[in-house]
Amino acid sequence: MKKVTINLSNHPYDIIIDKGCLSTSGQWASTLWQAQKVAIITDSQVGELYAERVKKSFEDAGFEVAVFEFLEGEAQKNLTTVTEAYAFLVAFGLTRSDGIVALGGGVVGDLAGFVASTYMRGLPFLQIPTSLTAQVDSSIGGKTGVNTPFAKNMVGTITQPKGVLIDPDVLSTLGRRELIEGMGEVIKYGLIDDVELWQELTEMSGPDEILDHAESIIYHSCESKRKHVVEDEFDNGKRLYLNFGHTIGHAIEQTAGYGNVMHGEAVAIGMVQLSRVAEKKGLMARGLTEEISKMCQKFGLPIRHDPWDEKALYQALVHDKKTRGKTIKTVIVPELGKARINQIPLEEMKLYLEK
């Protein structure tokens, strides 16, 4: 078992990384909560695999449990699904002394966290992430949100969970594409912060070794995210480093239609696209874009997207959360293991979108 403590002064909590821990999730929750009502929010795919196991574990620990399940997919991460969840919680009789558990990947974690942070002005919640992307990134740090037709995660909150429970064993049930897309975030951590992680990725042969290295890459990623979250909880400074590749990546996700390009895939494309232009401008070390491209390709991630609509992508960027008036904060990697914020005129992003 490995533990990472998010030592925020006003809301510390632990990330537990432990193989097989899904079956004892209720016991873990009982160390954080008293016996109460618990609503497990999950999607149709994860629910079929794990909802009953987690529900039974919570019931054995003394909780009264109900499961809200919505249709799987990024396209369902919207305010319509949120409203359906509110109705379910009202019918279940959930009050502010009760809690919510997010059981699933990034879509579930974002949506369930948003529901928990807004229902009755806020309920405590736990994260039990089941995808690699969620285990290394989205379940940690308190960002919640849902998509709108205008931009990804445009409506959301920053509300920390009471704890995060990660079972690396569940990754074995992911489809190959779903497993690989999580490596987009892992590669990002190696680039912006963790040279040791980058070296481990360099020594791996490719996707077939992901499960063998799961505990290590999850731990390294969580440690990197911990540092950024603790230093900048509300995303005004260095936590923005975590957005390397995301500015263009989010625009790709939106313009392609939510779910058609997976998050980690879009991040990989975004990292390569932005780095290619930044390197030409002398803002990044020569040859680093090629290293990023090769690493992404080794793990089966895409480095380009077709069709590439520069005008549509730019319009999506106008609504990006990192836009400030007529400027936008992008993230570059001047050298391996170091990141820097590069605030530029929004108009200049057109250069970074050139095919």
Exercise. Residue check: is Asp208 farther than 18 Å from Leu132 by Cα, open to solvent by 10 Å² or more (accessible area, probe 1.4 Å) and of a type in the set (Asp, Glu)?
Worked result: no
For this session: Would you mind stating whether Ala35 is at pLDDT below 95 and either among the aliphatic types (A, V, I, L, M) or over 21 Å from Gly106 (Cβ atoms) (or both)?
Result: yes
Exercise. Looking at (1) part of a helix (DSSP H, G or I); (2) in contact with a strand residue (DSSP E or B) (Cβ under 9 Å, 6 or more places away or on another chain); (3) over 30 Å from Tyr314 (Cβ atoms), can you tell me which one Val136 breaks?
Worked result: (3)
For this session: Please go through region 307-345 and pick out each residue that is of a type outside the set (D, E, K, R), surrounded by fewer than 17 Cβ atoms within 10 Å (Cβ to Cβ), at pLDDT below 95 and under 16 Å from Ala151 (Cα atoms).
Result: Gln315, Val318, His319, Thr323
For this session: Name the residue, out of Val146, Val136, Val108, Val170, that is over 24 Å from Thr31 (Cα atoms), modelled with pLDDT of 95 or more, open to solvent by less than 10 Å² (accessible area, probe 1.4 Å) and touching a Ser or Thr at 6+ places or on another chain (Cβ under 8 Å).
Result: Val146
For this session: Could you please give the count of residues in region 216-248 that are within 18 Å of Gln127 (Cα to Cα), in a helix (DSSP H, G or I) and acidic (Asp, Glu)?
Result: 1
For this session: Working only within region 296-306, note down all residues that are in a helix (DSSP H, G or I) and either exposed (fewer than 14 other Cβ atoms within 10 Å of the Cβ) or free of Cβ contacts under 8 Å to residues at least 24 places away in the same chain (or both).
Result: Gln297
For this session: Look at region 95-115 and say how many of its residues are more than 23 Å from Glu181 (Cα to Cα) and in contact (Cβ under 8 Å) with a residue 60 or more places away in the chain.
Result: 6
Exercise. What number of residues within region 1-43 satisfy the criterion of being open to solvent by 60 Å² or more (accessible area, probe 1.4 Å) and not polar (S, T, N, Q)?
Worked result: 7
Exercise. So which of Val267, Val272 ends up being open to solvent by 10 Å² or more (accessible area, probe 1.4 Å), closer than 17 Å to Gly190 by Cα and in contact (Cβ under 8 Å) with a residue 12 or more places away in the chain?
Worked result: Val272
Exercise. Taking the stated definitions as given, is Met262 touching a Leu at 6+ places or on another chain (Cβ under 9 Å), modelled with pLDDT of 95 or more and either open to solvent by 20 Å² or more (accessible area, probe 1.4 Å) or of a type outside the set (S, T, N, Q) (or both)?
Worked result: no
For this session: Answer yes or no as to whether Val67 is open to solvent by less than 20 Å² (accessible area, probe 1.4 Å) and within 18 Å of Leu89 (Cα to Cα).
Result: no
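The values are calculated or read from the model by the stated rules, or taken from the named source; none is laboratory data. The structure presented is a predicted model; accordingly, all values stated were derived computationally and were not measured. Every residue, glycine among them, receives a Cβ derived from its backbone with ideal geometry; neighbour counts consider all protein chains shown. Heavy atoms of the whole protein, side chains included, go into the accessibility calculation; ligands, DNA and RNA do not. Shrake-Rupley method; radii C 1.70, N 1.55, O 1.52, S 1.80 Å.
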